[in-house]
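Undergrad: Pasting a structure below so you can have a look.
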Amino acid sequence: MQTRLLLVSHPATRAMRVGAFPADDPLDPRALDALRVWHGRSLIAAQGTEAAQVFRSAATCVRETADALGLEAQIVPALSDADAGEWRGRRLHELAAAQPEALATWMRSPDAAPPAGESFRAVLARVGAWLDALAPSSSASLSSDGGMQVLALTHAVVIRAALVHALGVPAGSFGRIEIGPLSIVELRRSREGAWTWRAGAG
């Protein structure tokens, strides 16, 4: 059975716009305005209606994104943003002045993590395990071709991890993948279990 998965990143929060690590920020009026005029809104609304399963992270900004799109979604811990630990809510330029070596290492190494936080490799492990374990729920309806439709509302780092896992590229390539706010990435898993990335979704 083929699986079609659409991964959607939430709108830019105020923390993202000022270059700060997330601290469970809500969507401000600017983010809500961006969501209202987003070109992918109709596609995601239709996909949410047709999808057998709709998932999201527990973050406030993602919950509010789902609400704005009229989607009821199940919370999945694997879709959570990377834990910023002691850097939560702090701005990059402040950390560049206070902890330049630690910040530089975090930006280039998949094994580096903020103090008491989570590395990209840890995010990759949980996201990859979730992807490979995806299966229809007992109440899920399949598409007309017998495949499974899945929609996941999440964060840019989770989508980067999903792409690294699906493509089988080294974890260190994470810094070369850019996922903007309100991006849509489509992954498909074949009946044989191999993931592929389909460009141009949305």
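The values are calculated or read from the model by the stated rules, or taken from the named source; none is laboratory data. Note that the structure is a prediction, hence the values are computed from the model and not measured. Methodologically, a virtual Cβ is constructed for each residue, glycine included, from the backbone with ideal geometry; neighbour enumeration extends over all protein chains shown. Side chains included, ligands, DNA and RNA excluded: accessible areas come from the protein's heavy atoms. Shrake-Rupley method; radii C 1.70, N 1.55, O 1.52, S 1.80 Å.
Undergrad: Limited to the range 99-115, what total is found for residues that are closer than 9 Å to Trp87 by Cβ and not in a helix (DSSP H, G or I)?
TA: 3
Undergrad: Are any of the residues in the range 128-138 surrounded by fewer than 16 Cβ atoms within 10 Å (Cβ to Cβ), at pLDDT 95 or above and either touching a Pro at 6+ places or on another chain (Cβ under 7 Å) or in a loop (DSSP other than H, G, I, E, B) (or both)?
TA: No, there is no match, as no residue in the range 128-138 is surrounded by fewer than 16 Cβ atoms within 10 Å (Cβ to Cβ), at pLDDT 95 or above and either touching a Pro at 6+ places or on another chain (Cβ under 7 Å) or in a loop (DSSP other than H, G, I, E, B) (or both).
Undergrad: In addition: Determine whether Ala31 is in contact with a strand residue (DSSP E or B) (Cβ under 6 Å, 6 or more places away or on another chain), buried (at least 18 other Cβ atoms within 10 Å of the Cβ) and of a type outside the set (Lys, Arg).
TA: For Ala31, the condition - in contact with a strand residue (DSSP E or B) (Cβ under 6 Å, 6 or more places away or on another chain), buried (at least 18 other Cβ atoms within 10 Å of the Cβ) and of a type outside the set (Lys, Arg) - is not met.
Undergrad: Another question, then. Pull up the range 17-28, narrow it to residues that are surrounded by fewer than 19 Cβ atoms within 10 Å (Cβ to Cβ) and in contact (Cβ under 8 Å) with a residue 40 or more places away in the chain, then point me to the one that is farthest from Trp195 (Cα to Cα).
TA: Only one residue fits best here, namely Val18.
Quick grid of which residues meet (1) among the aliphatic types (A, V, I, L, M); (2) under 29 Å from Asp67 (Cα atoms); (3) at pLDDT below 95:
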residue: Val158; (1), (2), (3): yes, yes, no
residue: Ala171; (1), (2), (3): yes, no, no
residue: Gly180; (1), (2), (3): no, yes, no
residue: Gly193; (1), (2), (3): no, no, yes
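Undergrad: With the checklist (1) open to solvent by 20 Å² or more (accessible area, probe 1.4 Å); (2) at pLDDT 95 or above; (3) not aromatic (Phe, Trp, Tyr) in hand, flag the one item Gly200 doesn't pass.
TA: All conditions pass for Gly200, except number (2).
Undergrad: State whether the residues of the range 76-83 include one that is acidic (Asp, Glu), under 24 Å from Val127 (Cα atoms), at pLDDT 95 or above and not in a loop (DSSP other than H, G, I, E, B).
TA: no
Undergrad: When you scan the range 163-178, do you find a residue that is within 30 Å of Asp33 (Cβ to Cβ), open to solvent by less than 40 Å² (accessible area, probe 1.4 Å) and touching a Ser or Thr at 6+ places or on another chain (Cβ under 7 Å), even just one?
TA: Checked against the condition, which is being within 30 Å of Asp33 (Cβ to Cβ), open to solvent by less than 40 Å² (accessible area, probe 1.4 Å) and touching a Ser or Thr at 6+ places or on another chain (Cβ under 7 Å), the range 163-178 yields no hits at all.
Rundown of residues vs (1) of a type outside the set (Gly, Ala, Ser); (2) part of a loop (DSSP other than H, G, I, E, B), yes/no style:
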residue: Leu7; (1), (2): yes, no
residue: Asp24; (1), (2): yes, yes
residue: His39; (1), (2): yes, yes
residue: Ala58; (1), (2): no, yes
residue: Thr65; (1), (2): yes, no
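Undergrad: Looking at (1) surrounded by fewer than 20 Cβ atoms within 10 Å (Cβ to Cβ); (2) touching a helix residue (DSSP H, G or I) at 6+ places or on another chain (Cβ under 6 Å); (3) within 30 Å of Glu192 (Cα to Cα), find the lone condition where Ala96 falls short.
TA: Unmet for Ala96, out of (1) surrounded by fewer than 20 Cβ atoms within 10 Å (Cβ to Cβ); (2) touching a helix residue (DSSP H, G or I) at 6+ places or on another chain (Cβ under 6 Å); (3) within 30 Å of Glu192 (Cα to Cα): (3).
Undergrad: Which numbered condition trips up Val62, out of (1) touching a Phe, Trp or Tyr at 6+ places or on another chain (Cβ under 9 Å); (2) surrounded by 14 or more Cβ atoms within 10 Å (Cβ to Cβ)?
TA: (1)
Undergrad: Return the total of residues in the range 191-202 being touching a strand residue (DSSP E or B) at 6+ places or on another chain (Cβ under 7 Å) and part of a loop (DSSP other than H, G, I, E, B).
TA: 2
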